[in-house]
DNA sequence: TGACTGCGCGCC
DNA sequence: AGGGCGCGCAGTCA
């Protein structure tokens, strides 16, 4: 495979560095003698120069796909493969598998910033770097690096993408299982391409249907800042039943006082606490909270801001969550409420293929722990039912609560009570999450299957630990330190499973994207959420897309776990609108 | 006025 | 209940 590093220049041009193919299977390039050729490309010619080379489907090495790819997409250029230096740097730098590498042990630099700095002339470099770097990352090391670019030509240029790639590949090569990290870096990078492509293509969104749903539930669209009729009506009923004429039900504080004055035994305005009361205010108040939430999170203002020309374009943030899940920085795409899914509607003549992985996290746990008994249960379409049928628990509901409790770290209630039985029946699976929890309680780093590592606890965590172990420690110090330790243990317990599930999902997505590319009619991904994908496709190609989704799930399982005997079952639906799925 | 925090909600 | 998020609001403080 060809690898081409794109070095962007401040003037909008670039230099394309061709790398020599590596010795084995051509996966990793040979960087020992630098690039084999370096071709300058003028401003305005970059998209064409890249498009011309894309016919060979090289791996494009970019400093920051989120920054560089959207302009290429706008110019009609799509990339098949890439390596995102910024995202991969973050993984390699924190991975326990690369802890001894030069990249991991170096001081923080520009590649540790949340966004890559725009390229600027040398005399402006310093200010830009400081702007881009996280405030939490102290400055002294930066000065040396920045100075290095301007004055010390012999040392590594901190913004040199070829040198950065070399450092990353070197760190990965030194890991105990380099193949896993290579897969993770490839999957993360493909994710960056997909996120940009989905933002470019947009999710089909029927604004008229959205407006219809809002009118039906809230009444006509009010003037800006005014309450819709239905909410105003409910507010009046709430004021009457609490005998609080001036009450603003949007104010938690006012509401709490009014509730208590009316004799309700509540300590907060939480939904569950209110629901447990017997009082005429309960029904209208719960309805008010439900509708007020819809209005503020996904009302007309949201529609105006996020939907244009029939497309919803959230800003996906690849690697935005410590576990490797994606985040979004706008539009709230991670929480599209069920009430509005009818607005996600395929174009005329097109349809939506919606697929989600059934019980992904317990299946991932079964595979990564190589727990034979649990893998047996994970061979069918309904893992929870299989756990119940195997006799580990009494019912499907218990199985579900028990597994979620095991993965999330339940300490009380029904779920915790199921743990002894689960531990006895699935010792390897439960042992894996328990070990991750114990490691976290000790402040150690844990890692996913492919090698993404958890962050360390912060200074206050260690301080509490010190205080509890010190001479003058009292019972409160000890209790507090134990609580913090258990909290962090629950985080690391969940990290290994959620993070590995995110890796499976990334591989699924990447495998699906490659298959879609070969199908007619340009079916394309329009949505991805943790364990769920949506493809917008010409209606007559939907069956083939559904088949591709299934094949991709199988491929993802094999990529991560080899021929592991775990089935990654999917629920697949071919629908005109999202509310018809699942 | 703007930055920040906590609350409450809803998604996986 | 227990993990991970984003967002809008209200309240606080500078």
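The values are calculated or read from the model by the stated rules, or taken from the named source; none is laboratory data. Only a predicted model underlies this, so the values are computations on that prediction, with no experimental measurement involved. Ideal geometry is used to build each Cβ from the backbone, glycine not excepted, and the neighbour counts take in all protein chains shown.
For the range A:323-332, taking the residues that are at pLDDT below 85 and in contact with a helix residue (DSSP H, G or I) (Cβ under 9 Å, 6 or more places away or on another chain), the one that is nearest to DNA strand B (Cβ to nearest atom) is identified as A:332.
One line per residue, one yes/no per condition, for (1) within 16 Å of DNA strand B (Cβ to nearest atom); (2) assigned by TED's automatic domain parsing to the domain that holds residue A:322; (3) farther than 30 Å from residue A:562 by Cβ; (4) touching a helix residue (DSSP H, G or I) at 6+ places or on another chain (Cβ under 8 Å):
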| residue | (1), (2), (3), (4) |
| --- | --- |
| A:407 | yes, no, no, yes |
| A:447 | no, no, no, yes |
| A:457 | no, no, yes, yes |
| A:471 | no, no, yes, no |
| A:486 | no, no, yes, yes |
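For the range A:495-504, check the following and say yes or no: at least one residue is surrounded by fewer than 22 Cβ atoms within 10 Å (Cβ to Cβ) and either within 16 Å of DNA strand C (Cβ to nearest atom) or not assigned by TED's automatic domain parsing to the domain that holds residue A:187 (or both). For the range A:495-504, residues surrounded by fewer than 22 Cβ atoms within 10 Å (Cβ to Cβ) and either within 16 Å of DNA strand C (Cβ to nearest atom) or not assigned by TED's automatic domain parsing to the domain that holds residue A:187 (or both): absent. Quick check, is residue A:387 modelled with pLDDT under 95, over 29 Å from the mean Cα position of the chain (by Cα), away from DNA strand B (no atom under 16 Å from the Cβ) and crowded, with 19+ Cβ neighbours inside 10 Å? Taking the combined requirement at face value, the residue does not satisfy it.
Of the helices (runs of 4 or more DSSP H) lying entirely inside the range A:395-442, those containing at least 3 residues that are within 9 Å of DNA strand C (Cβ to nearest atom) are A:396-408, A:413-425.
Do we have residue A:480 as in a helix (DSSP H, G or I), out of contact with any strand residue (DSSP E or B) (no Cβ under 7 Å at 6 or more places or on another chain) and either free of Cβ contacts under 8 Å to residues at least 12 places away in the same chain or away from DNA strand C (no atom under 16 Å from the Cβ) (or both) here? Reasoning before the result, please.
Working: in a helix (DSSP H, G or I): yes; out of contact with any strand residue (DSSP E or B) (no Cβ under 7 Å at 6 or more places or on another chain): yes; either free of Cβ contacts under 8 Å to residues at least 12 places away in the same chain or away from DNA strand C (no atom under 16 Å from the Cβ) (or both): no.
No.
Has the range A:292-299 got any residue that is away from DNA strand C (no atom under 14 Å from the Cβ) and either at pLDDT below 90 or in the same structural domain as residue A:237 (by TED's automatic domain parsing) (or both)? Looking through the range A:292-299, none of the residues is away from DNA strand C (no atom under 14 Å from the Cβ) and either at pLDDT below 90 or in the same structural domain as residue A:237 (by TED's automatic domain parsing) (or both).
Yes or no, residue by residue, for (1) part of a helix (DSSP H, G or I); (2) over 21 Å from the mean Cα position of the chain (by Cα); (3) farther than 17 Å from residue A:204 by Cβ:
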position: A:530; (1), (2), (3): no, no, yes
position: A:534; (1), (2), (3): no, no, no
position: A:541; (1), (2), (3): yes, yes, no
position: A:544; (1), (2), (3): yes, yes, yes
position: A:550; (1), (2), (3): yes, yes, yes
position: A:567; (1), (2), (3): no, yes, yes
position: A:572; (1), (2), (3): no, yes, yes
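The numbered conditions (1) farther than 26 Å from residue A:513 by Cα; (2) touching a helix residue (DSSP H, G or I) at 6+ places or on another chain (Cβ under 8 Å) are all true for residue A:10 except (2).
A quick yes/no check of all residues on (1) surrounded by fewer than 22 Cβ atoms within 10 Å (Cβ to Cβ); (2) touching a helix residue (DSSP H, G or I) at 6+ places or on another chain (Cβ under 7 Å); (3) under 14 Å from residue A:182 (Cα atoms):
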position	(1), (2), (3)
A:68	no, no, no
A:84	no, yes, yes
A:88	no, yes, yes
A:92	no, yes, yes
A:96	yes, no, no
A:100	yes, no, no
A:106	yes, no, no
A:110	no, yes, no
A:113	yes, yes, no
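I'd like to check something: does the range A:365-373 contain any residue that is within 13 Å of DNA strand B (Cβ to nearest atom), crowded, with 22+ Cβ neighbours inside 10 Å and either at pLDDT below 95 or not assigned by TED's automatic domain parsing to the domain that holds residue A:449 (or both)? Looking through the range A:365-373, none of the residues is within 13 Å of DNA strand B (Cβ to nearest atom), crowded, with 22+ Cβ neighbours inside 10 Å and either at pLDDT below 95 or not assigned by TED's automatic domain parsing to the domain that holds residue A:449 (or both). When each of A:9, A:59 is tested for being surrounded by 13 or more Cβ atoms within 10 Å (Cβ to Cβ) and more than 21 Å from residue A:184 (Cα to Cα), the lone residue that passes is A:9. Take the conditions (1) more than 8 Å from DNA strand C (Cβ to nearest atom); (2) touching a strand residue (DSSP E or B) at 6+ places or on another chain (Cβ under 6 Å); (3) under 30 Å from residue A:494 (Cα atoms); residue A:314 misses just one of them, which is (1).
Within the range A:231-246, is even one residue surrounded by 14 or more Cβ atoms within 10 Å (Cβ to Cβ) and within 13 Å of DNA strand B (Cβ to nearest atom)? Within the range A:231-246, none of the residues are surrounded by 14 or more Cβ atoms within 10 Å (Cβ to Cβ) and within 13 Å of DNA strand B (Cβ to nearest atom).
Within the range A:306-333, residues that are within 18 Å of residue A:497 (Cβ to Cβ) reach partners that are within 6 Å of DNA strand C (Cβ to nearest atom) and in a loop (DSSP other than H, G, I, E, B) with beta carbons closer than 7 Å, at six or more positions or on different chains, in the pairs A:326/A:320. The residues listed here are A:208, A:276; of these, the one that is loosely packed, with under 15 Cβ neighbours inside 10 Å and modelled with pLDDT under 90 is A:276.
Matching residues to (1) touching a strand residue (DSSP E or B) at 6+ places or on another chain (Cβ under 7 Å); (2) farther than 16 Å from residue A:287 by Cα; (3) within 14 Å of DNA strand C (Cβ to nearest atom):
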position	(1), (2), (3)
A:226	no, yes, yes
A:236	no, no, no
A:239	no, no, no
A:242	no, no, no
A:248	no, no, yes
A:251	no, no, yes
A:254	no, yes, yes
A:257	no, yes, yes
A:262	no, yes, no
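Every condition in (1) modelled with pLDDT under 95; (2) more than 30 Å from residue A:537 (Cα to Cα); (3) crowded, with 18+ Cβ neighbours inside 10 Å holds for residue A:175 except the one numbered (1).
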